[in-house]
1. State all residues of region 186-213 that are in a helix (DSSP H, G or I) and closer than 21 Å to S303 by Cβ; if no residue qualifies, say none.
2. Mind counting the residues in region 84-112 that are within 15 Å of L63 (Cα to Cα) and assigned to a helix (DSSP H, G or I)?
3. Of everything in region 270-289, what is assigned to a helix (DSSP H, G or I), open to solvent by 40 Å² or more (accessible area, probe 1.4 Å) and either in contact (Cβ under 8 Å) with a residue 40 or more places away in the chain or of a type outside the set (A, V, I, L, M) (or both)? Give them in sequence order.
4. Is it the case, given these coordinates, that T399 is out of contact with any Leu (no Cβ under 6 Å at 6 or more places or on another chain), among the β-branched types (V, I, T) and free of Cβ contacts under 8 Å to residues at least 40 places away in the same chain?
5. Where in region 306-403 are there helices (runs of 4 or more DSSP H), lying wholly inside it, with at least 2 residues that are of a type in the set (V, I, T) and touching a helix residue (DSSP H, G or I) at 6+ places or on another chain (Cβ under 9 Å)?
6. Could you list, in sequence order, all residues of region 271-308 that are out of contact with any Lys or Arg (no Cβ under 9 Å at 6 or more places or on another chain) and more than 26 Å from V349 (Cβ to Cβ)?
7. Could you please find all residues in region 111-158 being touching a helix residue (DSSP H, G or I) at 6+ places or on another chain (Cβ under 6 Å), of a type in the set (A, V, I, L, M) and farther than 28 Å from Q363 by Cβ?
Amino acid sequence: MQYDLIIRGGRCVFPWGEADADIGVSNGRIASLSVGIHDEADRVVDARGLHVLPGLIDSHVHLRDPGNAAVETLETGTRAAALGGVTTVFDMPNTSPAVTNKDMLNWKREHIAKVAHVDVGMYIGATRDNTPDLAMLEQEPGVCAIKVFAGSSTGNLMIEDDAGIEAVMRSGHRRVAFHSEDEYRLQERKSQFYTGQPYEMHSVWRDVECAFLGTRRIMSIARRTGRPAHILHVSTAEELEYLAGFRDVSTVEVLVNHLSQVAPDCYEELGGLAVMNPPLRDAYHYDASWKAIRDGRVDVVSSDHAPHPLEAKRKPWPECPAGLTGVQTIVPVMLDHVNAGRLSLARLVDLMAAGPARVYGLQTKGRMAVGFDADFTLVDMNAEREITNDWIVSPAGWTPFDGKRVKGWPIVTIVRGVIVMQDDEVSGAPTGRYAKFAP
């Protein structure tokens with residue numbers, strides 16, 4: 001048998017368990033999980049000593065395109081994803097201009113085809129003006145979900161009131177993704193804080209109740225409308241416990257940072273490089289997040305990659321912008337957690353491949369099975385490396401994990417049968433496409 005690509009000798013993580021297997025790829029899809037010893041291919045990847053995972057997905061990134069190319073672009077952001085072992089990213093709509101209409105979707109699809117190194121899903125930003133059109137817009141090719149900023153946004157990309165949120169939830173049928181911090185509480189308490197206070201005050205202003213109140217309000221509307229909601233970057237023990245009672249209408253994302261960095265130490269060590277929304281919290285919430293990972297309450301782990309210039313992040317709080325780089329580092333950091341015994345490799349695949357595919361309706365990604373896209377992340381679980389700023393390809397040029405030593409590293413990234421990264425080198429011209437979702 002002749003294939004386009006054969007991956008030989010790897011330890012494969014299938015939905016039904018781990019097994020040694022040789023995988024054959026034809027026309028960008030998985031053609032065989034049992035390639036014969038005499039079968040041939042145009043290209044063969046020697047995966048001996050490596051684990052072969054289904055292509056890992058970062059379902060929450062801000063690639064800032066269109067926007068400020070000095071901070072990030074679709075080209076640099078997807079290059080970073082490829083280097084970090086990520087085969088698909090879902091890009092947020094709060095660009096300049098924002099992705100809120102069909103014209104911007106058309107522009108973005110065309111741009112992805114020219115510059116993306118991995119596949120890309122696109123969020124549509126909900127506004128009061130486009131709410132009547134959301135049922136149509138969510139059916140556009142490449143759209144992964146509607147995104148609602150119920151807090152922490154500016155301009156028309158914020159719908160903070162119950163009536164506005166309910167109108168969104170009644171326009172269409174696919175799962176809606178929410179930034180659920182409560183804007184009213186944020187504004188009521190804002191005057192209590194002033195420039196120059198310690199960076200850890202970020203977690204005092206955007207406190208547990210700010211997040212929990214927003215999530216409670218959204219769950220009430222989700223239950224009333226029957227529309228499923230995906231609560232992004234859940235960061236509190238209270239939310240995680242509460243959401244377990246709403247599994248019929250909710251799914252849960254937790255960020256790698258909330259699983260890796262703990263207040264107040266992170267603020268003392270990193271200053272503004274630890275400032276993100278929702279904020280990094282103390283050990284109580286860190287422990288609760290890991291407990292929710294272990295007992296299955298978390299559906300997805302993402303990075304919320306949201307780069308800002310280093311000089312802006314060094315400003316005093318609260319003048320420094322919230323947001324961290326992460327798409328290039330999420331896989332090494334999560335592999336290190338696997339090696340530390342905090343979760344299994346199978347659970348990581350569930351959270352970063354099968355989970356995003358299930359939550360967002362990716363039809364042919366998220367698992368290694370015949371007929372699925374030939375997306376693979378090949379990792380060396382024994383490789384020990386140090387994450388450094390000079391490895392980061394985002395123009396922002398920094399990572400909050402600078403200097404962190406990890407065990408476990410992505411070695412090869414394959415998207416639809418094309419090797420886009422091998423041994424820290426991104427190869428060839430961009431071949432990414434917009435991802436395809438169930439209607």
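The values are calculated or read from the model by the stated rules, or taken from the named source; none is laboratory data. Predicted model, so just to flag it, every value in this text is computed and none were measured. No Cβ is skipped: glycine too gets one built from the backbone with ideal geometry, and neighbour counts run over all protein chains shown. Quick note on the areas: whole protein, heavy atoms, side chains included, nothing else; ligands and nucleic acids left out. Shrake-Rupley method; radii C 1.70, N 1.55, O 1.52, S 1.80 Å.
1. Y199, H202, S203, A211
2. Residues in region 84-112 being within 15 Å of L63 (Cα to Cα) and assigned to a helix (DSSP H, G or I): 7 in total.
3. Listed by number, the residues that qualify are L270, Y284, Y286, D287.
4. no
5. 330-339
6. Of everything in region 271-308, those that are out of contact with any Lys or Arg (no Cβ under 9 Å at 6 or more places or on another chain) and more than 26 Å from V349 (Cβ to Cβ) turn out to be A274, R281, D282, A283, Y284, H308.
7. A150
For (1) in contact (Cβ under 8 Å) with a residue 12 or more places away in the chain; (2) touching a strand residue (DSSP E or B) at 6+ places or on another chain (Cβ under 7 Å); (3) crowded, with 17+ Cβ neighbours inside 10 Å; (4) assigned to a loop (DSSP other than H, G, I, E, B), each residue gets a yes or a no:
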residue: P132; (1), (2), (3), (4): yes, no, no, no
residue: Q139; (1), (2), (3), (4): yes, no, no, yes
residue: E166; (1), (2), (3), (4): yes, no, yes, no
residue: F178; (1), (2), (3), (4): yes, yes, yes, no
residue: Y184; (1), (2), (3), (4): yes, no, no, no
